[in-house]
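Notes for the one structure printed next.
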Amino acid sequence: MVCSAVPLSKPSMHFDAKSIMASWLTVWSFYFVWITEFISNCSGNIGRRPPEGRESELSVISVPLEHSFELDDSIQFKKRGTLQWYPSGDSYITVSQKQLTEEERHKLSTVANLDGLYRIRIPRKVEADGTVSGYVTSFVRACSMVESHLSDVITVNTDVSGNIIGISIVTIPGSCSGAEIEDVDLELYNTTVHLLQPVQAAVPETAFFIERMEQEQAQKGKNPQEQKSFFAKYWHLILGGAVFLMVSNSVKVPREPGPQN
């Protein structure tokens, strides 16, 4: 048996430039997409805090809205709803209210016929333990409340620190014409609420003005010539011009001799 060595052929190592370029473009495309998503995810989380239910509840100012409309002169406030807003300088405020019962609708109509008052109030401040430190109140005629079909506008006023300093209520329309209103038209409130917060005025730049005045005074001290008035600087020119005018006016032009006969 004769064995002959068969030479092995080398594998072909031919590469196409276009295929190499396409492969590189594919790799770089995947790498670019991955880098873009990584950066966007990182930048999206910067400055954000995960929502915490307990913290968001504490950041909301919530005060009860109470009302009173009695047949006699007594005042007995009962809860009408709740006002809520955020102490972030935004004027956004919400109100949640319950509808009047049949007994309350009948009593409100009776108070309106007697030309009584409809009062509202909210606490100035509610402590952590639930205690209230004072109230702010407002009122309208009960007849206007009835004839407006419970359409009112409530405005809450606060100071710069966010403390409640006042409340007001108006009805739309605000007059009483004596129109007969059915009790069924007094079930739901149509309330618009506003939050008015003072806006800080622009503070004058007093320190900058004083500094600028001091710089001007120091500059004048270095150059005393600038402190002189116009006449003090150019008195000799003014005097010379005045002398020239006087001399020129005093010189008389000689007359030409007339013809002799």
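Readers should treat all values here as calculations from the given coordinates under stated rules, not as data from a laboratory. Computed from a predicted structure; not experimentally measured. Counting neighbours? That spans all protein chains shown, and the Cβs are built from the backbone with ideal geometry, glycine included.
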- Pseudo-spin-label distance THR101 to GLU187, built 7 Å along Cα→Cβ, given in nm, is 1.7
- Item | Residue list for the range 81-107, given a label point 7 angstrom along the Cα-to-Cβ vector of SER59 and an amide N cut-off under 17 Å | 84-94
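Can you give the alpha-carbon Rg of the range 76-214 over 2.2 N^0.38 Å, where N counts its residues?
That works out to 1.41 for the range 76-214.
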- Query: Using 7 Å Cα-to-Cβ label points, what is the GLU211/LEU237 separation (nm, one decimal)?
  - Reply: 3.8
- Task: Provide the packing ranking of 173-183, 66-76, i.e. peptides ordered by the mean count of other C-beta atoms within 10 Å per residue, highest first.
- Result: 66-76, 173-183
